[in-house]
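Trainee: Pasting a structure below so you can have a look.
Derivation of every value follows stated rules applied to the coordinates shown; laboratory data play no part. On a predicted model such as this, the values are computed, not experimentally measured, just so you know. Positions of Cβ are generated from backbone atoms using ideal geometry, with glycine treated the same way; all protein chains shown enter the neighbour counts.
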Number of protein chains: 2
Amino acid sequence: MSNTKIRNMEEFAAVSGISRPTVSKYFHDPNSVRKSTRGRIEAALDKYDYRPNIYAMNQNRKLTKNIGIVVPYLADPFFAEIVRVIEGRCIEAGFTPSLFSSHGDPAHENEILDSLRSMKPAGVLLAPLGRQSDKSAIETFCKNVPTVLFDSNLDGMGEAFIGSDNHSFVSQTVEYLSRTGESPCFFEMKTPANPNANKRRIAYISMMERLGLEPHVVKVEGTGWGFEEIGKQGGLKVLADDSLPTNTVLCSNDRLAIGFLSACYESGVKVGRGPDCQLRVASHDDHPFSRFTCPSLTTAAHDYNAVSDHAVDTLFRLIESGGHLGTRTETLFPARLIMRDSA
Amino acid sequence: MSNTKIRNMEEFAAVSGISRPTVSKYFHDPNSVRKSTRGRIEAALDKYDYRPNIYAMNQNRKLTKNIGIVVPYLADPFFAEIVRVIEGRCIEAGFTPSLFSSHGDPAHENEILDSLRSMKPAGVLLAPLGRQSDKSAIETFCKNVPTVLFDSNLDGMGEAFIGSDNHSFVSQTVEYLSRTGESPCFFEMKTPANPNANKRRIAYISMMERLGLEPHVVKVEGTGWGFEEIGKQGGLKVLADDSLPTNTVLCSNDRLAIGFLSACYESGVKVGRGPDCQLRVASHDDHPFSRFTCPSLTTAAHDYNAVSDHAVDTLFRLIESGGHLGTRTETLFPARLIMRDSA
DNA sequence: ATAAAAAATTTACCCGCGTAAACTTTTGTC
DNA sequence: GACAAAAGTTTACGCGGGTAAATTTTTTAT
């Protein structure tokens, strides 16, 4: 490692004995230059530790090698986990991921899209807030930037959608619960933030009807993204009122269930499938913490890797095709039932 | 909103009737131009929706308005929450935060620092991995980029450190537990990733000795960042062995405690301070989920806001002072004991 | 009203790199 | 060894905006 500092590509080209345009080509794609040339550049590279100025590089590019990743709520470990996988894939493929969380705030989601636009990213993976999202802002954004939606679908927006098949989630849990005990009631927020919640309720009702059972939906108060607290308060209430229609509760998602289980514990209600248990509780998502609840939570698991991989692959195809795929596809991955102790 | 598209600052200056250098000055600091001028620019601004090219802007700047935020493990909601607060403060102050997670991997931490350097950020808020961090890489980085460390301290690195006072955490929990029942043993990982863990053990031992009590440290196997699982497996083991030295367990951190509580539940061990309880469990951090454990977790809470605010304020002072503060300060915020049901 | 200070304007050059065109050298093939 | 193709070199210009210097205009103070 020499201590003479290289200020720009010109100087670096000089010390490596290669012309600047060729060096520029190398940084754009190392395989686009002859092997011997690449060798000389790389020799100089670890002797002088030069890195091209990213701002100058991107200034003249129509598209950069940046990929934007936007999630609605990073404090939810579910999204943190997906982000981890997606980031890895992007880096592998030579892109530079930039991570953003809307933190549950539509205004902030808009700001993110705004600053994302000026980053001229090659593509964006967007998990929108859902119902709260500013649809027209997202629509405009998607027209200007190659975007793949994931997790939450918004009608017609983005070049593709990749998510989980809510019907598969709910039909598996409902089928399992109904087969092994009393049929479940459906526990959810009165005004859910996420479109998946609506799909799950509808799937629950249709599945129950198909089984010839009467559906019961229990809606609890509360808004925002503090699902655990909402589940807990709602749980305490329905348990105090003794207003649950059945002894089996199917929560819309694991975070609600975590709160609900906490309410059960505090109310002295024993959850599980043992003979001494008063209630069975199941849910959806396979949240990273669901294996540590008391009792551990029976749930339907996302195929994290499939969703992440397919979202990223789709985005790469989109980028390669220059920003437009033929028709907008919606890919849904089925769930896998995870049987634990709560039901 | 006119539909003529503005391509660059030249054109925007033309339509706003102001010269380009003045417009440039405006974007650098809106208050640096006369009020009437600002008015004309802003009128044009919402008529034509032009935004300066961020790459061209930053190319010639020694320092940008970017701030890097690096955390060791974003899937830990503790960090997700801190990040949320910090991001907000940065945006308020007119900076552009960029978020990175090392995902528990030292090699990735290095890559992040590398790409961060080429972003020429005005400053960086770094929560390092800790023991696993490549110390020399971080040291080199801190010499080149104005950096404030938080959460995990690394000796002498960065211009300042802001974190929580582990001694305050542990002394409060130990004092409380010892006063209200059997004195606690200390439950931790054999080889903790984070320097805070060591400080907590030391604080535990010294506090116990001060109280004239015998310290007992229970170390469990396991490496990596899956603390809950480590706590659970370790918990199952010590409960099966019946090897706990006392009926009161103080976990090094909440994530371990979440796993430990799960082990207690599965082992049929009732936790709490009621007469029918076999074990008391307490911990440190006030993890976002600790209020939803079964039973809810007695813990010592970080002053999230104080840490975030002070870290950000320190970074801003550092930036204003041109990259160096006088002497390296280490600011530690005390804990607040949160009494819940587990102890 | 007038001088002094503050703010804008004009002009001009720079930054670090992308990239096109014309030309030269190196490769690989028969 | 001749020759076409591939790769590299030179030269030159552009991108979009930062910024300095000299000049003009506007504002503020007296």
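Trainee: Too long at a 20 Å Cα-Cα cut-off: which of A:Lys135/B:Lys5; B:Lys62/B:Lys143; A:Lys219/A:Lys270; A:Lys270/B:Lys219; A:Lys5/B:Lys62; A:Lys199/A:Lys232?
Mentor: A:Lys135/B:Lys5; A:Lys219/A:Lys270; A:Lys270/B:Lys219; A:Lys199/A:Lys232
Trainee: Quick one: what Rg and Dmax do you get for segment A:9-52 from the alpha carbons, in Å?
Mentor: 8.9, 22
Trainee: Using a 7 Å offset from the Cα along the Cα-to-Cβ direction at both A:Asn60 and B:Asp276, what is the distance between the two label points in nm, to one decimal?
Mentor: Each label point is offset 7 Å from its Cα along the Cβ direction, giving 7.7 nm.
Trainee: Along the Cα→Cβ direction, 7 angstrom out, place labels at B:Glu182 and B:Arg328. What is the inter-label distance in nm?
Mentor: Between B:Glu182 and B:Arg328, the simple spin-label model gives 4.3 nm.
Trainee: Angle between the Cα long axis of helix A:135-144 and the longest principal axis of chain A, 0 to 90 degrees, nearest 10?
Mentor: That helix lies at roughly 30 degrees to the long axis.
Trainee: List the Cys residues of the protein assembly as shown that have no partner Cys with a C-beta closer than 4.7 Å.
Mentor: A:Cys90, A:Cys142, A:Cys185, A:Cys251, A:Cys264, A:Cys277, B:Cys90, B:Cys142, B:Cys185, B:Cys251, B:Cys264, B:Cys277
Trainee: Run the Debye formula on the Cα coordinates of chain A, all scatterers equal and no solvent, and tell me log10 I(q)/I(0) at q = 0.12, 0.13 1/Å.
Mentor: So the normalised log intensities work out to -0.86, -0.95.
Trainee: For chain A, take the longest principal axis of its alpha carbons; what is the angle in degrees between that and the long axis of helix A:106-117, to the nearest 10 within 0 to 90?
Mentor: 20 degrees
Trainee: Fewest first, what order do B:Val170, A:Val33 take by the number of other Cβ atoms within 10 Å?
Mentor: Final ranking by Cβ density, sparse to dense: A:Val33, B:Val170.
Trainee: Could I ask something else about it? Roughly how tilted is helix A:227-241, in degrees to the nearest 10 and between 0 and 90, from the longest Cα axis of chain A?
Mentor: Orientation of helix A:227-241: about 0 degrees from the principal axis.
Trainee: State to the nearest 20 debye the size of the charge dipole of the protein assembly as shown about its Cα centre, where the only charges are +1 on K and R beta carbons and -1 on D and E beta carbons.
Mentor: Here the size comes out at about 2360 debye.
Trainee: Could I ask something else about it? Given springs between every Cα pair under 10 Å in a Gaussian network model of chain A, which of A:Gly181, A:Gly231, A:Gly222 has the largest fluctuation?
Mentor: A:Gly181
Trainee: Considering chain A as a Gaussian network with a 10 Å cut-off on Cα pairs, which listed residue, A:Phe260, A:Phe12, A:Phe141, attains the greatest mean-square fluctuation?
Mentor: Among A:Phe260, A:Phe12, A:Phe141, the largest mean-square fluctuation in the Gaussian network model of chain A belongs to A:Phe12.
Trainee: Taking the Cα centre of segment A:134-244 as origin and charging only Cβ (+1 Lys, Arg; -1 Asp, Glu), how large is the dipole, in debye to the nearest 20?
Mentor: 80 debye
Trainee: Averaged over peptide B:68-75, how many Cβ atoms belonging to another chain are found within 10 Å of each residue's Cβ?
Mentor: Per residue, the number of nearby Cβ atoms from other chains is 3 on average.
Trainee: Once you've got the GNM for chain A with C-alpha springs shorter than 10 Å, pick whichever of A:Tyr48, A:Tyr176, A:Tyr73 has the biggest mean-square fluctuation.
Mentor: Comparing A:Tyr48, A:Tyr176, A:Tyr73 in the GNM, the peak value goes to A:Tyr48.
Trainee: State the answer as a single residue: which of B:Asn253, B:Pro184, B:Val170 lies farthest towards the positive end of the charge dipole of segment B:166-301, with beta carbon charges of +1 for Lys and Arg and -1 for Asp and Glu, about the Cα centre.
Mentor: Going by the charge dipole, the pick is B:Val170.
Trainee: Per DSSP H run of at least 4 residues, take -39500 (n - 2.57); add these up for chain A, divide by its residues and hand me the 222 nm value, nearest 500 deg cm²/dmol.
Mentor: Result for chain A, helices only: -14000 deg cm²/dmol.
Trainee: Sticking with this structure for a sec: Can you bin every Cα-Cα distance in segment B:154-234 into 5 Å intervals starting at zero and give me the percent of pairs per bin, rounded to whole numbers?
Mentor: 3, 14, 22, 20, 18, 14, 7, 2, 0
Trainee: Taking other Cβ within 10 Å of each residue's Cβ, how do B:Thr293, B:Thr248, A:Thr327 sort, fewest first?
Mentor: Starting with the residue having the fewest Cβ neighbours, the order is A:Thr327, B:Thr248, B:Thr293.
Trainee: Would you mind listing the distances between the A:Asp303 label point and the same position in each other copy? Use 7 Å along Cα-to-C-beta, nm, one decimal, shortest first.
Mentor: 5.0
Trainee: I'd like to know which of A:Thr314, A:Gly234, A:Phe292 lies farthest towards the positive end of the charge dipole of the protein assembly as shown, counting +1 on Cβ of Lys and Arg and -1 on Cβ of Asp and Glu.
Mentor: It is A:Thr314.
Trainee: Restricting everything to alpha-carbon atoms, can you work out Rg to Rh for the protein assembly as shown with a Kirkwood hydrodynamic radius?
Mentor: So for the protein assembly as shown, dividing Rg by the Kirkwood Rh gives 1.00.
Trainee: Could you state the number of Å between the C-alpha centres of segment A:107-127 and segment A:174-234?
Mentor: Result: 33 Å between the Cα centres.
Trainee: Given segment B:166-301 reduced to its alpha-carbon atoms as identical point scatterers, what log10 I(q)/I(0) does the Debye formula return at q = 0.14 Å⁻¹?
Mentor: One equal scatterer on each Cα of segment B:166-301 leads to -0.53.
Trainee: State, to one decimal in nm and shortest first, how far the label point of B:Arg34 sits from each corresponding label point in the other identical copies (label point: 7 angstrom along Cα-to-Cβ).
Mentor: Inter-copy label distances (nm, one decimal, shortest first): 6.2.
Trainee: How crowded by other chains is A:296-306, given as the mean number of beta carbons from other chains within 10 Å of each beta carbon?
Mentor: The shielding value for this peptide is 0.
Trainee: From the label point of B:Ser267, set 7 Å from Cα along Cα→Cβ, how far away are the matching label points in the other copies, in nm, ordered shortest to longest?
Mentor: 3.0
Trainee: Given Cβ point charges of +1 (Lys, Arg) and -1 (Asp, Glu) and nothing else, what value in debye, to the nearest 20, does the dipole of chain B about its Cα centre take?
Mentor: The calculated dipole for chain B is roughly 1380 debye.
Trainee: Determine by what factor the alpha-carbon radius of gyration of segment B:12-124 differs from 2.2 N^0.38 Å, reporting the quotient.
Mentor: Compared with the compact-globule rule of thumb, segment B:12-124 sits at 1.35.
Trainee: Restricting to chain B, compute how many DSSP beta bridges are antiparallel as a %, nearest 5.
Mentor: Of the beta bridges lying entirely in chain B, close to 10 percent run antiparallel.
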